[in-house]
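I have placed the structure first, in the form of C-alpha cells, so that the comments after it can refer back to it.
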Amino acid sequence: MAEALSITPAAVLRNLADKLYEKRKNAALEVEGIVKQLAAAGDHDKITAVINLLTTEFTYSSQVNHRKGGLIGLAAATVGLTSGAAQHLEQIVPPVLNSFSDQDSRVRYYACEALYNIAKVVRGDFIVFFNQIFDALCKLSADSDSNVQSAAHLLDRLVKDIVTESDQFSIEEFIPLLRERMNVLSPYVRQFLVGWITVLDSVPDIDMLGFLPDFLDGLFNMLSDSSHEIRQQADSALSEFLQEIKNSPSVDYGRMAEILVQRAASSDEFTRLTAITWINEFVKLGGDQLVPYYADILGAILPCISDKEEKIRVVARETNEELRAIRADPAEGFDVGAILSIARRQLSSEWEATRIEALHWIATLLARHRTEVISFLDDIFDTLLKALSDPSDDVVLLVLDVHACIARDASNFRHLVVFLVHNFRIEPSLLEKRGALIIRRLCVLLDAERVYRELSTILEGEADLDFASIMVQALNLILLTSSELTELRVLLKQSLLTAAGKDLFVSLYASWCHSPMATISLCLLAQAYQHASSVIQSLVEDDINVKFLVQLDKLIRLLETPIFAYLRLQLLEPGKYIWLLKSLYGLLMLLPQQSAAFKILRTRLRTVPSYTFSGEQLKKTSSGNPYSQMLHHLPTGTPIAEDGDRNQDLGSAQNGINFASRLQQFEHMQRQHRMHSRSQSLSQSRNSTSSNLSQEAPRPEEPRHPSTMPDLNRIPSRTSS
C-alpha cells in the first residue's frame, strides 16, 4: 500500500474520490498514464500494488464516490496495461463484478461502463470470467434503473461479439447456468436469455442443438409470456431449432419428447400448437427412436384431437395416424401395457373424438399384438364394459367391435356375455337405452345364434327373476324385429323340421319361460302352435297383469308386421292350422275388449276365409263365435289332433321335442315368479305398515259413550240359543 501511495500522487487519489465526474475522469487518466509507464518498464509488482490500492481503498469503500472512482480507475489501469492486462485480470475483474450488485444505481452504471472498457481492451482473454459476467448481466437486464439497463445492454452486445469470435468459450460450462436461469419469469431476463440462445446457435463451432433438451422447456415457457415480443422471439428460436433438427442426422428425441408431452397439455393455445407440431415432426423423423415414449406421446395426442382450436386438432389427427402407422414390436421396447393404459384412461374423456381414437388404438393393438393385449384384459375389461353406456352411438359401436375382437376365444366370449348381463342387471337404463343396439351389433360380429344361446344359458339360472323377465322380453323383441337376426328367425321357423332348429328352440325356451309372452312369441315363431295354445291355457289369474297385457299388445301389433306374414298366410288354411287359430283366439280372449290390440286381432280373425273350412257353404250370421263355427263346419273326417297340427305331429315325431316337458318347465318357472311376486308384495306391505306405525304413534282406545255400547243383557247366550 505504501508503495502504491508513493507511486500515485495524493492529488490524483483525492480527485479520484471527488463527487464531480470530471475530476474523477481526469484522475483516471492520470492513473492510466502511471500504469502505462510501469508497464513499459515491466514493473508488474508496482502495477499490482496500484490495482490493490484502487480495489481496497476505492471499489470496496463505504463511500459511494470512492467506489465510483475505484471503478473508473480500474478501467483506466486496464487501458494503460494494454496487451499486458491479461495477467492482472484476476485482480481487476472481480471487484467490478462485485459492484454490479451495489445498492447505488450510479455505482452499478459505472461498473457496466468499467467492464465495457476492460472488455474492449482484453477481448477474448476475459472469457474465463464469462459465466460470472453472464450471471451479472442477466440480473442487470432487469435492473430497476433504466440507465443501468441501457449500460448493461451495451456491455451485453460487446460480450456477445467477443464470444462469437473467441475459440476459448466453453458451451459445456455455460449450459448449466443457462438451464438454471431459464425458469426466471422476468420478461427482461427472458428477452436477455433468448437473445443469447439465438446468438450462440448462430455460431458454427458451437453445438447448441446438442444441448437443446437442457433449455427447451424454458423456451416453451416463454411462448405463453404476456409480452408479444418475447413470444415472437421464443417462437423464432424454436422454429430455427426445429429446422436444424430436420437437417441433423443425430438428435436426442427422447429427452425432448418428454418435454413436448408436458407442453402439449398447456393451458396456452399457442404453446399447445407448437408442442403438437414438434411432436408431429418427431414422429415423422425419429419414429423408431421414440418407441419407448409412444405411450407418453399418445397421452399427449389424444386430448389434442378434441382441442377447441382447429389447427391443433388437424395436427393432432395427422400425428395420431402417423404414430399408428408405425409397426413396433414389444421386443424393441414397445410397451403394449402402457399404450393400453393411456387408451383406457382416455375412454373417460369428456370429448367423443378422443374416446373414439382411444378405441381405435385398442382395436389396432388387438390386431397386431393380441396375445399381449389379452394378458392385460383384466385391466381394461371393466372400463370397456362401462363404455357401453357412452352417450355416443359411434363410441358404443366401436366398443362392441373391440369386445367382439376380444371374444373370439371361447373363454373370453363367455366372460363378455356374463359381464354384459351383469351390467344390464346393475344398470337398467343401459338395457333400456342401449340394449337393442348392443345385442344387435354383437349378433352381427359374433354370430347371432352363438350370442343368443349364451344369453339364454346365463338367464336360465338368473337369481333376479324380475331382471330375467325384463331381459328375456328385450331379447325376444330384438329377435322378432331386427334385420340382423333374420337368419336366426329362419332357423327357428324350422324348429319342427330340422335338428338344428329344434336344438335352438329348446335352448332358448329354457330362459324364455321367464316371460309368458316371450314364450308364446317363440312358439308362434317356431310354428309350435299347439304348444302356444297350451301355454295360453296354462296361464292363471296372477299371470295376467298390466305388464303382461302391455307385452301382449306389442305382440298383436308385431303379428301385423312382415316378419309374421307367413303366419297370416297360414290363416288361409284354418283346417290345417287349427291350433294357430285356437292360439290367436286364446290371445283375443285375454285382451280387454276396449283395447286397440283387441280390435286389431279381432279384425284379422274375421278375415279368415270361410271357403277353406268345408265343401258346403258356411252359414253367414251376424253374430256368433267364428271359432265355434269353424269347428262345426270342418269337413267330415278331418282329424283334430290333440298333440298339434298335422304338420306339427310329423315334425315332433322327427325331432322329438317333448312339449309336455316344456310345458312343465314353463309352469314351474311361472310358479317361481308368482311366489317371488307375492313375497315382494308382502314385504312392501310390511314395510308400508312399519312406516305408518313409525310416523303415527298408537293412541289408547277411548271409552265409548254408554248410549253406543251394546247391551250385554240383550245378547243371547249360547245355552239359551
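Applying the criterion of at least 1 residues that are in contact (Cβ under 8 Å) with a residue 60 or more places away in the chain to the helices (runs of 4 or more DSSP H) found wholly in segment 525-606 leaves 529-538, 546-558, 565-570, 578-590. Taking segment 474-498 as the range and being farther than 17 Å from CYS443 by Cα and touching a helix residue (DSSP H, G or I) at 6+ places or on another chain (Cβ under 6 Å) as the test, the residues that pass are GLN494, SER495, LEU496, LEU497. Kindly indicate whether any position in segment 234-245 is at pLDDT 95 or above and within 22 Å of LYS308 (Cα to Cα). Yes, there is a match, as at least one residue in segment 234-245 is at pLDDT 95 or above and within 22 Å of LYS308 (Cα to Cα). Residue check: ASP18 meets all listed conditions (1) at pLDDT below 90; (2) part of a helix (DSSP H, G or I) but one, namely (2). Looking at segment 254-270 only, could you name the residues that are out of contact with any Pro (no Cβ under 8 Å at 6 or more places or on another chain) and surrounded by fewer than 21 Cβ atoms within 10 Å (Cβ to Cβ)? Result: GLU258, VAL261, GLN262, SER266, SER267, ASP268, GLU269, PHE270. Taking segment 122-208 as the region of interest, the helices (runs of 4 or more DSSP H) fully inside it that hold 3 or more residues being without any contact (Cβ under 8 Å) to a residue 12 or more places away in the chain and either out of contact with any helix residue (DSSP H, G or I) (no Cβ under 9 Å at 6 or more places or on another chain) or among the charged types (D, E, K, R) (or both) are 146-165.
Taking segment 303-335 as the range and being surrounded by fewer than 20 Cβ atoms within 10 Å (Cβ to Cβ) and of a type in the set (Val, Ile, Thr) as the test, the residues that pass are VAL314, ILE326. Given the criteria out of contact with any Leu (no Cβ under 9 Å at 6 or more places or on another chain) and modelled with pLDDT of 90 or more, does SER99 qualify? In short, no. One residue stands out among those in segment 87-121 that are in contact (Cβ under 8 Å) with a residue 24 or more places away in the chain and of a type in the set (S, T, N, Q): the one that is nearest to GLY73 (Cα to Cα), which is ASN117. The number of residues in segment 379-397 being modelled with pLDDT under 90, farther than 10 Å from ARG434 by Cα and not hydrophobic (A, V, I, L, M, F, W, C) comes to 3.
When GLU462 is tested against (1) under 17 Å from ALA518 (Cα atoms); (2) within 33 Å of the chain's Cα centre (by Cα); (3) modelled with pLDDT under 95, exactly one condition is not met: (2). Picking from residues in segment 504-546 that are surrounded by fewer than 22 Cβ atoms within 10 Å (Cβ to Cβ) and β-branched (Val, Ile, Thr), the one that is farthest from PHE659 (Cα to Cα) is VAL546. The listed residues are ALA387, ALA300, and the only one of them that is buried (at least 20 other Cβ atoms within 10 Å of the Cβ), closer than 26 Å to HIS415 by Cβ and not polar (S, T, N, Q) turns out to be ALA387.
The residues of segment 465-503 that are buried (at least 17 other Cβ atoms within 10 Å of the Cβ) and free of Cβ contacts under 8 Å to residues at least 24 places away in the same chain amount to a single one, GLN494.
Restricting PHE130, PHE126 to residues that are closer than 14 Å to ILE162 by Cβ and crowded, with 22+ Cβ neighbours inside 10 Å narrows the list to PHE126.
Per the listing GLU332, GLU321, the residue uniquely within 27 Å of LEU388 (Cβ to Cβ) and more than 15 Å from the chain's Cα centre (by Cα) is GLU321. Of all residues in segment 131-159, exactly one satisfies the criterion of being more than 51 Å from the chain's Cα centre (by Cα) and closer than 11 Å to PHE100 by Cα, namely VAL148.
Answer with yes or no whether LEU97 is touching a helix residue (DSSP H, G or I) at 6+ places or on another chain (Cβ under 9 Å), over 22 Å from PRO176 (Cα atoms) and in a helix (DSSP H, G or I). The answer is no for LEU97. When LEU347, LEU398 are screened for being in contact (Cβ under 8 Å) with a residue 12 or more places away in the chain and in contact with a Ser or Thr (Cβ under 8 Å, 6 or more places away or on another chain), only LEU347 passes. Here segment 33-66 is the region considered, the condition is being aliphatic (A, V, I, L, M) and touching a His at 6+ places or on another chain (Cβ under 7 Å), and the residue that is farthest from GLN103 (Cα to Cα) is ILE47.
One line per residue, one yes/no per condition, for (1) modelled with pLDDT of 95 or more; (2) not in a helix (DSSP H, G or I):
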{"site": "ASN423", "(1), (2)": "no, no"}
{"site": "LEU430", "(1), (2)": "no, no"}
{"site": "ARG434", "(1), (2)": "no, no"}
{"site": "LEU445", "(1), (2)": "no, no"}
{"site": "GLU484", "(1), (2)": "no, no"}
{"site": "SER495", "(1), (2)": "no, yes"}
{"site": "SER511", "(1), (2)": "yes, no"}
{"site": "THR519", "(1), (2)": "yes, no"}
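Within segment 447-464, if we keep just the residues that are of a type in the set (A, V, I, L, M, F, W, C) and in a helix (DSSP H, G or I), the residue that is surrounded by the most Cβ atoms within 10 Å (Cβ to Cβ) turns out to be VAL451. Of all the listed residues (GLY124, GLY84, GLY80, GLY70), the sole one being over 60 Å from the mean Cα position of the chain (by Cα), under 30 Å from VAL203 (Cβ atoms) and of a type outside the set (D, E, K, R) is GLY84.
Scanning segment 151-207 for residues that are closer than 22 Å to ALA119 by Cβ and hydroxyl-bearing (Ser, Thr, Tyr), we see that the one that is surrounded by the most Cβ atoms within 10 Å (Cβ to Cβ) is TYR188.
The values are calculated or read from the model by the stated rules, or taken from the named source; none is laboratory data. Just so we're clear, the structure is a prediction, and the values are computed from it rather than from any experiment. Cβ: placed from backbone, ideal geometry, glycine included. Neighbour counts: every protein chain shown.
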